[in-house]
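Visitor: Attaching a single structure in structure tokens format; questions to follow.
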Amino acid sequence: MIKRLGSFILIRDREYRHVAYFFALYFLIGCGMALGRGTADALFFKRYGIEYLPVMYIIVSLLLCLTSVAYAAFADRIPSERFFNILFVSLIGLLLCNWSLITFSETTLSYPVYFVIYEIASELLAVHAAHYLSQNFDILQVKRLSPLIMAGTQFGVMTGGIFLASASHSIGVQNFLVFWSLLLVASLLLISVWHRMHGTSPYFRPGHTRADKLGQAVNEVQQGLKYIKSSDLLRALSIALFFMVITFYVLCYSVNRIYTNTFQSEESLTMFFGILTAVNSVIALLLQIFVTNKLLRKFGARRVNLIFPVTSIFSYFALLISFTFPSALFGSLNKEAIMNAFRNPVRNLFFNALPENIQGRARATSVVVVMPLALTVSGFLLWIMQRMGNPLYFVALGMTAATCYLFFSNRMSNAYASEMASNLKQKLFIPETGNILSSQDDSDALFDQLRRGIEDKDNQITLEFSRMLLTAFPDRAPGLILQRIDDLDNPTKDQFFKLLLSTNPPELHEYLWASLDDSDSHLKSTILKTLFSLESGPAKDLLAAALVSDNPRIQAAAIYGVLKYDDKTLYPEALNAWEDLVKSDSIGANLASLELLEYFPQTHGSVNYLIKSYRSSILRLLTCDSNRIKKAALRSLRYWPEEKFHELDTCICDLYTSEDASIRIECLKHCHLLPANSHDRLIAEAIEDSNSDVRDAAVNAIFRHANDPAALLVSWLVTNKKGSARAQHAVLKALLASNASKDVMEQIALTKARDAQQILHASRLLLSSDYRQNSALELMRYTLDEKFIQTIDLTLLALQALEHQEDINVVRAAIRSRDPRHTANALEVLHSMRKQKVARILCDIFDDAYQDRTRKRNDAAMPFRDVRSMLFWCRDHMDPWLQDCAVQALKSFS
Amino acid sequence: MSDLYSRILLLKKSHIFSEVLTEDLRTVAQALENEAYVSGDRIFDICQQGDRMYMIERGKIGISIDPDPVKKEFVTTMGPGDCFGEMNLLDELPRSATAYVIEDSSVLSLHKDKLRGLIVNYPELSLGILKSLSLRLRSTTLLLQSAQKD
């Protein structure tokens, strides 16, 4: 029975004792607060005068500021349970002294003093209670359990109210102070016993301590104020709090004015306050237990945050229409029930989105600065407006404040998810997107960094830094790069010349001429080709000699030069040399001739007879032993002048079986030259390759040559439901890069999310069976776990087209971290996403607390109920590996 | 269950391959070689240079760290499903123990050159191996911390 109730109100097995403790503690605190509220108000309004209420607000604000500085000094330094003890002891002393003054002294100052004591104590206790909660539960638990735990406060308030209503005439109003003191003693004892058994609060994080506590406290508040400037969430939260305080206190004043005029004696007023408190607490309690967390789960903290501002506007509207008892009752319902049920739990969640080490300071700042400021403004404005006589003036003030409150609450809601994502990003060490060039503002610092990079001993690192230097500083880079490459070997110089050719700096010409005579034949051919491509005048004189060179690369460079300069006199000689290179038995000559394929379309039509020789040359190169030569031959095919090269068919299909992934990739780049059925077969095989680069190359091949590649891939993925998770990943990445339709991506995300749910259900079914006795089922279990993660990845990848990529990265990293706190925060980020259908499924999957109930609901929708039917489902799944494992499992299962 | 799938399951249960996807373990499973030993054999000796890891299909192997490879004082015994010698797939250090065949055994071995060849062509294998090593390091650190506290 208890378990069923616990499941209904979302308590997990290990949490019952904690929840019971917090419920009891907050019950005692709530009970005391009810006694304090009712008696402080009644005594002050009747024995001192409600007209002094605005002045009291100003006094309370100043005192609140001072006491809160002291609070800020200790908030993060000591465990919150110890701070509770300090608060309780202080309050007990003050209450008993005040009771003595009221009972045995004639002074009327005791009533405003008692009023102030209550106001300060209630604020400090409320702030600290929330802080205590966050030091004992993680964010997911806070979200799930805080409405229930705060319901303990409501129970207490209700009980206190009933006690007030029933005993106000018999006990005497002032004697309730003694009862409140007794409740505080009980709270003290409860906390002491609990922490003696369970130790310090588990999420307490002490900060650094300094000798100067006051200075430290001021520093804490200053840090909090500093953080307000940089944090959108804290800024919106603080401004919203400012207007909330004005809204609240103007409403308090308004309704209390009506009640004071309605009830003549302090006993009847106290009794009424007791009844009002009890009734509003019951309403608040029912809302907190049965409504709040359901709304939080369905709509998220962002939307629930707006309920109280909206109802406040309605309260003022009612008061504007009719400043009478019924409107006052509605106002009281709003500020006591609706605020406690919706605003307080949500406010805690928003604070928990801030970094842990700043939460205490942020709360302290709100109590030290924001609330006192707002209270002072409220008091001042009310004091002026109550002199005008007509209550409409201050009701209008309240309405204005409530409207501003709504506006800033909305801004708070918008900042919540981004703050959560930003914190997660820091905790999970997710780097900023973009490369070194995009992240630097200071160009001198960037230049220095890149310059140091090109001095690296590793040639490839030097090359990459040179590439970046050339991009970022095209004027300054060439000189530096040319100085650097003096020490490099010739093959590396070759790469650098090709790099520098793209910008054609003036220094390059001189460098090339200076290097020509000292270079080996390979580098010489590169230098000649570079000079020819720059159409260097003096270089033209080298053509004739180069054409008759023994070295095929130099000859090829010369042939290129003849084409480039369009030298008609050397043309016949160049063509003969070209033919010799193509038909030669020397692999070196054949390879050199491949470089000329790029220029084939530029040549005279009579050269087309070379194509036949090229065909046999390439086929010969593709069947030799060296992978390097095969790759060179494959690369040259990108310039093949014909649309098809059918003779390649057998060759490419054989080459595709190579263990070298780079050869497989090169095959895919040119599979469009093959007959249609070979091409399709190769792509289908490649898209399931074990190497991710090969899979990407297969998808790129589709994008290069299909008529409508996006439609083709969507059809493959969605309509025909083909491919393993990894193949789908490659396809999705390509669709994302091609800006596929958002509707399609949403459909894919939804499909994948549902698939993940089904796979998870399959995994759970298996776990609940005797799978360890059967090796095939054991393998099935591993496979299902892997497929689950892969399917979640696919869902998030598809969501990237619809949401902020950084938020998706954060969610992905948080889920992979397997840390429950990070997962809980990731779920909050998901709640804020636009595509709630998908986000809700993901939240269902990862939010353990809801799984028991939602699982039963979702199980009914699953296509299988037992292990055997699950295996049949897996056998028919689109993933080939899952199918294979399921087939094995079914064989052993029978 | 067929031989290939049994091998995949064995690999998945080993420390070094626990974080590699079962799909990727197909290529590794195909590179495994069967070896048979009779009781009394020594698979490798302490301080010997090693180049492969072993997984026990059948039989019993005793591990000894005594510097004398002939002495049979076992610190642990291993049975079907267990693997040993896996660190030699990645490092060049000599064997840290002697492996004795207590009962007639059938083992699957993986040579490090084969694994390296697979890693070159299937880089995702290396990611999975790195993840496994990282998780093992974390759990060792936690064990050390709790031992220090005791």
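Since every read-out is calculated from the coordinates, none of them should be taken as a lab result. What you are looking at is a predicted structure, and each value in this text was computed from that prediction instead of being measured. Methodologically, a virtual Cβ is constructed for each residue, glycine included, from the backbone with ideal geometry; neighbour enumeration extends over all protein chains shown.
Visitor: To the nearest whole number, what is the average tally of beta carbon atoms from other chains within 10 Å of the beta carbons of peptide A:771-784?
Guide: 3
Visitor: Something else now. Using alpha-carbon pairs under 8 Å, 6+ residues apart, how would you state the relative contact order of the stretch A:743-855 in percent?
Guide: Relative CO of the stretch A:743-855 lands at 28 percent.
Visitor: Specify the angular offset, from 0 to 90 degrees and rounded to the nearest 10, of the alpha carbon long axis of helix A:392-427 from the longest principal axis of the alpha carbons in chain A.
Guide: Around 40 degrees separate the two axes.
Visitor: Quick one: how many lysine pairs does the stretch A:742-891 have with C-alpha atoms less than 18 Å apart and a gap of 8 or more or different chains? Give me the count, please.
Guide: Lysine pairs meeting the criterion: 6.
Visitor: Now for a different question. How high is the relative contact order of chain A? Use alpha-carbon pairs under 8 Å, at least six apart in sequence, and give a whole percent.
Guide: 12 percent
Visitor: Given bins 20 angstrom wide, list per bin the percent of all Cα-Cα distances in the protein assembly as shown, short to long.
Guide: Once binned at 20 Å, the Cα pair distances of the protein assembly as shown give 10, 29, 28, 21, 10, 2, 0.
Visitor: Please compute the modelled spin-label separation between A:S741 and A:Q836, points set 7 Å along Cα→Cβ, answer in nm with one decimal.
Guide: That separation, rounded to one decimal, is 2.5 nm.
Visitor: Right, here's the next one. Please give the peptides A:145-153, A:410-418 ranked by average Cβ packing (other Cβ atoms within 10 Å per residue), highest first, as a rough proxy for protection.
Guide: A:145-153, A:410-418
Visitor: How many angstrom lie between the C-alpha centres of the stretch A:635-680 and the stretch B:3-47?
Guide: The stretch A:635-680 and the stretch B:3-47 have Cα centres spaced 36 Å from each other.
Visitor: Pairing the Cα long axis of helix A:110-134 with the longest principal axis of chain A, what angle in degrees results, from 0 to 90 and rounded to the nearest 10?
Guide: Value to nearest ten degrees: 30.
Visitor: Take the cross-link list A:K524/A:K631; B:K12/B:K71; A:K493/A:K540; A:K568/A:K630; A:K425/A:K721; A:K669/A:K733 and give me the ones stretching past 26 Å between alpha-carbons.
Guide: B:K12/B:K71; A:K568/A:K630; A:K425/A:K721
Visitor: I would also like to ask the following. What's the center-to-center distance, using Cα atoms, between the stretch A:396-416 and the stretch A:808-836 in Å?
Guide: About 28 Å separates the Cα centre of the stretch A:396-416 from the one of the stretch A:808-836.
Visitor: List the relative contact order of the stretch A:239-362 as a percent without decimals, with contacts defined as Cα pairs under 8 Å and 6+ residues apart.
Guide: Computed value for the stretch A:239-362: 36 percent relative contact order.
Visitor: Across the residues of A:787-796, average count of Cβ atoms on other protein chains within 10 Å?
Guide: Average neighbour count from other chains, rounded to a whole number: 1.
Visitor: Next up: From other protein chains only, count the Cβ atoms within 10 Å of every residue's Cβ in B:13-24, then give the mean.
Guide: The shielding value for this peptide is 4.
Visitor: I'd like the distance between the alpha-carbon centres of the stretch A:113-177 and the stretch A:740-776, rounded to an integer number of Å.
Guide: About 46 Å separates the Cα centre of the stretch A:113-177 from the one of the stretch A:740-776.
Visitor: In what sequence, highest mean first, do B:89-102, A:527-540 appear when ranked by Cβ atoms within 10 angstrom?
Guide: Output ranking for B:89-102, A:527-540: A:527-540, B:89-102.
Visitor: How would you order A:360-366, A:57-63 from highest to lowest mean count of nearby Cβ atoms within 10 Å?
Guide: Top to bottom by mean Cβ count within 10 Å: A:360-366, A:57-63.
Visitor: Then there's this: For A:T791, what charge total do you get from the other residues with a beta carbon under 10 Å from its beta carbon, if Lys and Arg give +1 and Asp and Glu give -1?
Guide: Counting the neighbours of A:T791, the net charge comes to -1.
Visitor: Can you bin the stretch A:13-424 into rounded, prolate or oblate? Criterion: square roots of the alpha carbon gyration tensor eigenvalues sorted a ≥ b ≥ c, rounded for a/c under 1.5, prolate for a/b above b/c, oblate for the rest.
Guide: Taking the square roots of the gyration eigenvalues as a ≥ b ≥ c, the stretch A:13-424 is rounded.
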